[in-house]
Amino acid sequence: MKYSKQMKIAISGSSGLVGSHLCDYLQTDLGAEILKIPRERLYGDAKSLAALLDGASVIIHLSGASILSRWTKSRKRILRDSRVETTKNLCKAVALLKDKPKQFICTSAVGIYNSRDRHSEESEAYSHDFLGKVCIEWEQAAMQMQKLNVRTAIFRLGVVLSEQGGIIQKSLPFFKLGIGGRLGSGKQMFPFIHIDDLMKAYSFVINERSEGIYNLVAPVSINNGDFTKMMAKIVKRPAFCHVPAFILRILLGEASTVLLNGQTVLPDRLKKEGFQYNYLTFEEALCALV
């Protein structure tokens, strides 16, 4: 079943890498009216948030503080609350609405999975580190929206590739200078998705009014070593540098697990439902960006 009239889509985290792309994309692709949820309303009184959300057909929740920073006790609280508590507050606000949205799409991350197994959406082999536990709690909060009769989809995102931010923008200058290199062993998996395919996936799931878990990654898996070799190949520079795992642990502490642990993730649902990727491989995605 597809939406038959112009819809209003409310988006949190609209100033971030994904959110800023998504606002423009959904306006163009779906002709949607975009409602940007300000950070203060997301954390504020549920009644005020409900008044803002009134009339929205879809809510997309992208808010979340940056993971890649040293995880002090206070930082961990910020990382958790920016995901879990904001999701709970959205549920409280929607509960107050007479006319509820038709669909809720909440972000999560492939960090919910352990780094040993291969994971389709049916996998329950979760990680028990800090990030894994946050993702579990985050998704549990999001699924409360189902009790309000709102179709709920959860996007477990891999690394988003874009020339406007994220890992490509941060690492490209080093590779161009010939000082790029692998992190740790280089064997850790690197689940990724091109920003254009991610945008298409949001539109796809909205159009189909889908619900449940989706792994938002490209279908062809690579590891950090493959990433390093391909970056060097594209910019035609050597990549002999190597950042040992112990250096990353010294610099980032517990947060180094984000760079040193990787997950093998399969986007089974998107493939089964007929989603067409623009960029199946990392080389295709990288060539389009660099």
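Of the conditions (1) out of contact with any Asp or Glu (no Cβ under 7 Å at 6 or more places or on another chain); (2) over 20 Å from residue 39 (Cβ atoms); (3) not hydroxyl-bearing (Ser, Thr, Tyr), residue 151 clears all except one; give me its number. Here residue 151 clears every test but (1). Tallying residues that are within 24 Å of residue 289 (Cα to Cα) and surrounded by 18 or more Cβ atoms within 10 Å (Cβ to Cβ) within the stretch 236-254 yields 1.
Does residue 79 count as surrounded by 13 or more Cβ atoms within 10 Å (Cβ to Cβ), more than 23 Å from residue 148 (Cα to Cα) and at pLDDT 95 or above?
Details: surrounded by 13 or more Cβ atoms within 10 Å (Cβ to Cβ): yes; more than 23 Å from residue 148 (Cα to Cα): yes; at pLDDT 95 or above: yes.
Yes, satisfied.
Here 204, 190 are screened, and the one residue that is crowded, with 19+ Cβ neighbours inside 10 Å, at pLDDT 95 or above and not charged (D, E, K, R) is 190. Evaluate the stretch 169-179: report whether one residue or more is of a type outside the set (A, V, I, L, M, F, W, C) and surrounded by 17 or more Cβ atoms within 10 Å (Cβ to Cβ). Within the stretch 169-179, not a single residue is of a type outside the set (A, V, I, L, M, F, W, C) and surrounded by 17 or more Cβ atoms within 10 Å (Cβ to Cβ).
Filtering the stretch 109-125 to residues that are surrounded by fewer than 23 Cβ atoms within 10 Å (Cβ to Cβ) and not hydrophobic (A, V, I, L, M, F, W, C) leaves 114, 115, 116, 117, 118, 120, 121, 122, 123, 124. Looking across the stretch 13-28, the residues that are surrounded by 15 or more Cβ atoms within 10 Å (Cβ to Cβ) and assigned to a helix (DSSP H, G or I) come down to 17, 18, 19, 20, 21, 22, 23, 25, 26. Across the stretch 53-66, the qualifying residues are those that are within 15 Å of the chain's Cα centre (by Cα) and surrounded by fewer than 17 Cβ atoms within 10 Å (Cβ to Cβ), and the one among them that is farthest from residue 85 (Cα to Cα) is 66. Taking the conditions exactly as written (among the acidic types (Asp, Glu) and within 30 Å of residue 210 (Cβ to Cβ)), does residue 284 satisfy them or not? Criteria met by residue 284.
Here is a yes/no grid of residues against (1) among the charged types (D, E, K, R); (2) more than 17 Å from the chain's Cα centre (by Cα):
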{"position": "112", "(1), (2)": "no, no"}
{"position": "124", "(1), (2)": "yes, yes"}
{"position": "128", "(1), (2)": "no, yes"}
{"position": "135", "(1), (2)": "no, no"}
{"position": "148", "(1), (2)": "no, yes"}
{"position": "165", "(1), (2)": "no, no"}
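Could you tell me whether residue 212 is of a type outside the set (Ser, Thr, Tyr), at pLDDT 95 or above and closer than 27 Å to residue 140 by Cβ?
Numbers: of a type outside the set (Ser, Thr, Tyr): yes; at pLDDT 95 or above: yes; closer than 27 Å to residue 140 by Cβ: yes.
For residue 212, the condition - of a type outside the set (Ser, Thr, Tyr), at pLDDT 95 or above and closer than 27 Å to residue 140 by Cβ - is met.
Just the residues that are within 27 Å of residue 167 (Cβ to Cβ), without any contact (Cβ under 8 Å) to a residue 60 or more places away in the chain and in a helix (DSSP H, G or I), please, taken from the stretch 29-46. Full working, then the answer.
Taking the stretch 29-46 first, the residues within 27 Å of residue 167 (Cβ to Cβ) are 29, 34, 36-37, 39, 42.
Add one more test, that the residue is without any contact (Cβ under 8 Å) to a residue 60 or more places away in the chain, and what stays is 34, 36-37, 39, 42.
Within the stretch 29-46, 39, 42 qualify.
Out of all the residues in the stretch 176-200, which are over 23 Å from residue 280 (Cα atoms) and of a type outside the set (D, E, K, R)? Of everything in the stretch 176-200, those that are over 23 Å from residue 280 (Cα atoms) and of a type outside the set (D, E, K, R) turn out to be 177, 178, 179, 180, 181, 183, 184, 185.
Among the numbered conditions (1) of a type outside the set (S, T, N, Q); (2) modelled with pLDDT of 95 or more; (3) under 19 Å from residue 142 (Cα atoms), the only one that residue 44 does not meet is (2). Of all residues in the stretch 255-280, those that are among the polar types (S, T, N, Q), surrounded by fewer than 16 Cβ atoms within 10 Å (Cβ to Cβ) and out of contact with any strand residue (DSSP E or B) (no Cβ under 9 Å at 6 or more places or on another chain) total 1.
The values are calculated or read from the model by the stated rules, or taken from the named source; none is laboratory data. Since we're looking at a predicted model, the values are computed, not measured. Counting neighbours? That spans all protein chains shown, and the Cβs are built from the backbone with ideal geometry, glycine included.
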